[in-house]
Amino acid sequence: MAGGMAIQADTKDYGGKITMFVLMTCLVAATGGLIFGYDLGISGGVTSMDVFLKKFFPSVYKKMQDDTGRTNQYCKFDSQVLTSFTSSLYIAALVASFCASVTTRIFGRKVSMVVGGIIFLIGSVLNGAAENVAMLILGRILLGVGVGYANQSVPVYLSEMAPAKLRGALNMGFQLAITIGILVANLVNYGTAKIKGGYGWRVSLALAAVPAIIMTVGAVFLPDTPNSLLERGHQEKAKRMLQKIRGNEEVEEEFQDLIEASEAAKKIEHPWRNILQPRYRPQLTMSIMIPFFQQFTGINVIMFYAPVLFKTIGFGDDASLMSAVISGLVNMFATFVSIGTVDRVGRRMLFLEGGIQMLICQILVGVILGMKFGVEGVGSMTKSSSYLVLFLICAYVSAFAWSWGPLGWLVPSEIFPLEIRSAGQAINVSVNMFCTFVIAQLFLSMLCHMKFGLFFFFGGFVLIMTIFIFFFLPETKNVPIEEMNNIWKKHWFWGKYIPDDAVIGVHHTSMKVSNY
């Protein structure tokens, strides 16, 4: 029963229209993903620019200029100082997510977005003006604080504003914005690398101010969600906002369920302590395991270091940056596949298909690199082999972009009861950022020591996480977030943790089990 069965809830349909107001507010909120995406894309391109390496990381630059053929191709970029430039952002985002949790709960989701945008803007200015490594890393830390605030508040905002039947597609606007940010960053790097005078890297880093301004200004004009208004005691405002976003005056049933959830939330004085209770075990587990597995797919090996990776395996400077642009385009367009299917085929199906496709691609890339460079890392790639690696990486990126990329943010943001929602999302972001930090800090060293086996290493995690989803994640499509406990209650494993009084609207709801 456990593996082959999916639990579905005959949950209430509150009705209401898909209003332009909701679409526009979700679109504006989703731009918070731009700052994260731009940063993911920009750092790898900048660290492959000779002028940037020569100024800040001369030891790496010296190894890159060694064309004797005796240098280990896997180890040319192995520098802990260089990886600290990339990874410092993510440890800062980890810490900031906990501060953002308090801000989000007390002052609302939009305030967290504004704070995050302003701090990210300051960091981008500091990076663009950097004269030494200390300035670079300080700027990255401020960028990290901004990312921590945005990633904590935006997915929650989107899940609360969207109607259940479109929650998946609208929430994925955040992931789409991330992919757009990555693509724009890759295009910017490709252009600035050609600037005469050696200051192209400054332009790349400083232009992070643009998505920061877009998010900050947009967030100022966003309305608060009904859930957030109720959480802060504004009951009448919450009802008017619910009527506005549903395009319907008759919202009493949904509003009463929101009130019920809010009243349950207010009884919880210590969400950080309460999230450890057995009744929240499935949500806590998912808020840890999903972001952990999302990062250990190995995707950030591609996103952070795509130009570096392509350069390492034989592409020239311009070719490596253009290859990163190609993978960025694939990443963006594949996200539309997920947007169009997530609320029809469901979360589980996309998770499982994406995992299988990523695993196949990683195994093949590892085999090709092993055949061409061996364990010594000495050798070269033919043009046909390089193009095959590029194709496999694009196939891998596309699988991630319609599965673990967007779903890694969507599913955790939609499963938490209101009383632990801010704490749960903070855990989700902090685990994500910690794992991102680990990958960013260790990848180049791991590539140097594990060689082509690194792709098998991440492939092993992809296999494990696909099995985990098959057995332990119930289908959450079309389920109102206030009724999410219903599906956990009926799950073969998690049901024993959910008490009867945790199922909101149980007298309205019946459950059924169906074969996949």
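The values are calculated or read from the model by the stated rules, or taken from the named source; none is laboratory data. If you're wondering where the values come from, they're calculated on a predicted model, not measured in any experiment. Virtual Cβ from ideal backbone geometry, glycine too; neighbours counted across all protein chains shown. Note: accessible area is taken over every heavy atom of the protein model, side chains too, but ligands, DNA and RNA are not part of it. Shrake-Rupley method; radii C 1.70, N 1.55, O 1.52, S 1.80 Å.
Take the Cβ atoms of Phe221 and Val438, set R0 to 22 Å, and the FRET efficiency comes out at 0.05.
Given R0 = 25 Å, the distance between the Cβ atoms of Ala264 and Cys99 translates into a calculated FRET efficiency of 0.50. Only one residue of Phe292, Leu34, Gly200 has its Cα farthest out toward the positive end of the dipole of the chain, where Lys and Arg carry +1 and Asp and Glu -1 on Cβ, and that residue is Gly200. Round to the nearest 0.05 the FRET efficiency obtained for Lys383 and Asp50 when R0 = 22 Å and r is the Cβ-Cβ distance. Working from the Cβ atoms, E equals 0.45.
Each of Leu166 and Phe391 was given a label point 7 Å from its Cα along the Cα-to-Cβ line. The distance between the two points is 3.9 nm. As a length-normalised measure over Cα pairs under 8 Å and 6 or more apart, the relative contact order of the chain settles at 29 percent.
In this simple spin-label approximation, Arg240 and Asp501 carry label points 7 Å from Cα along the Cα→Cβ vector, and these lie 3.5 nm apart. At a Cβ-Cβ separation cutoff of 4.7 angstrom, cysteine residues of the chain with no neighbouring cysteine are Cys26, Cys99, Cys361, Cys394, Cys435.
With q set to 0.13, 0.14, 0.24 Å⁻¹, the log10 of I(q)/I(0) for the range 389-487, from the Debye formula over equal scatterers at the Cα positions, is -0.63, -0.72, -1.45. Relative contact order, whole percent, for the range 124-216 stands at 38, derived from Cα pairs under 8 Å and 6 or more residues apart. Per-residue packing, averaged as other Cβ atoms within 10 Å, sorts the ranges 384-394, 40-50 into the order 40-50, 384-394, beginning with the highest.
The long axis of helix 404-415 is offset from the longest Cα principal axis of the chain by roughly 30 degrees. Between Lys194 and Phe471, the distance separating the two model label sites (each 7 Å from Cα on the Cα→Cβ line) works out to 5.3 nm.
Using a cutoff of 8 angstrom between alpha carbon atoms and counting only pairs six or more residues apart, the relative contact order for the range 336-420 works out to 47 percent.
Helix 299-312 versus the longest principal axis of the chain: what is the Cα-based angle in degrees, 0 to 90, to the nearest 10? Its long axis makes an angle of about 10 degrees.
The 1.4 Å probe gives accessible areas that order Val156, Val203, Val95, largest first, as Val95, Val203, Val156. At a probe radius of 1.4 angstrom, the accessible area of the chain per residue rounds to 36 square angstrom.
For the range 208-307, the carbon plus sulfur part of the accessible surface works out to 56%, probe radius 1.4 Å.
Heavy-atom accessible area for Asp501, with the other protein chains in place and a 1.4 Å probe, reaches approximately 120 Å². Between Phe21 and Val337, the contour length at 0.36 nm per residue exceeds the Cα-Cα span by 111.4 nm. Angle of helix 167-192 to the longest C-alpha principal axis of the chain, folded into 0 to 90 degrees and rounded to 10: 20°. The peptide list 87-94, 474-481, 441-448, put in order of mean Cβ contacts within 10 Å with the highest first, becomes 87-94, 474-481, 441-448.
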